[in-house]
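One structure follows; several queries about it will come next.
The values are calculated or read from the model by the stated rules, or taken from the named source; none is laboratory data. If you're wondering where the values come from, they're calculated on a predicted model, not measured in any experiment. Reconstructed Cβ throughout: ideal geometry from the backbone, glycine too, with neighbour counts over all protein chains shown.
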């Protein structure tokens, strides 16, 4: 900070912690009020590991306000210990929705295609899971780079299947 503004002085650690906590509490309540104005909310979520091998769950919310403006907020990035089972993911998302008081507003969740995440969202009915287009495209690119395995059985020409003639 000295380089940016030599006149700036940093408060003591205790004061800084108190200011951050107060600001967090205030802004959290302000965001809850903003979320309550939504008629429906779509979430996105992803899990990842830090370089130090700590697991995290990220959750964002998107909705359209009454002025037809897209609202997009980061709700949280929370520590999420292993194992990342479907049950644990379901509980993590449920807890976050309850914390933000949006459990009755969420209509969809966009996720990657991991089996654990797909199963987790299945347990959150009636919320609909949407596949992340970027993750799906990345999987297709990786499959193309790896190559396709040759069929292990004889491919026969079948008149009702146009691609069977192509594959023969």
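Might you check whether a residue that is surrounded by fewer than 15 Cβ atoms within 10 Å (Cβ to Cβ) and modelled with pLDDT of 95 or more occurs anywhere in the range 43-64?
yes
Can I ask one more? Kindly provide the set of residues from the range 114-152 that are under 19 Å from residue 95 (Cβ atoms) and exposed (fewer than 10 other Cβ atoms within 10 Å of the Cβ), ordered by number.
Passing the criteria: 125, 126.
What pairs come out if I take residues in the range 75-86 that are over 13 Å from residue 45 (Cα atoms) and pair them with residues that are surrounded by fewer than 12 Cβ atoms within 10 Å (Cβ to Cβ) and modelled with pLDDT of 95 or more whose C-beta lies under 9 Å away, six or more apart or interchain?
none
Just to be sure I understand, how many residues within the range 64-96 are outside any helix (DSSP H, G or I) and touching a helix residue (DSSP H, G or I) at 6+ places or on another chain (Cβ under 8 Å)? Steps first, please.
Taking the range 64-96 as the starting set, the residues that turn out to be outside any helix (DSSP H, G or I) are 64-85.
Add one more test, that the residue is touching a helix residue (DSSP H, G or I) at 6+ places or on another chain (Cβ under 8 Å), and what stays is 71, 73, 75-76, 78, 80, 84-85.
Here the count works out to 8.
Is it true that some residue in the range 80-93 is over 26 Å from residue 54 (Cβ atoms), touching a strand residue (DSSP E or B) at 6+ places or on another chain (Cβ under 7 Å) and at pLDDT 95 or above?
No, the range 80-93 contains no residue that is over 26 Å from residue 54 (Cβ atoms), touching a strand residue (DSSP E or B) at 6+ places or on another chain (Cβ under 7 Å) and at pLDDT 95 or above.
Looking at residue 108 and the list (1) outside any loop (DSSP other than H, G, I, E, B); (2) out of contact with any strand residue (DSSP E or B) (no Cβ under 6 Å at 6 or more places or on another chain), which single condition is not satisfied?
Answer for residue 108: the failing condition is (2).
Here is a yes/no grid of residues against (1) outside any loop (DSSP other than H, G, I, E, B); (2) without any contact (Cβ under 8 Å) to a residue 40 or more places away in the chain; (3) within 19 Å of residue 132 (Cα to Cα):
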{"position": "7", "(1), (2), (3)": "no, yes, no"}
{"position": "11", "(1), (2), (3)": "no, yes, no"}
{"position": "22", "(1), (2), (3)": "yes, yes, no"}
{"position": "57", "(1), (2), (3)": "yes, yes, yes"}
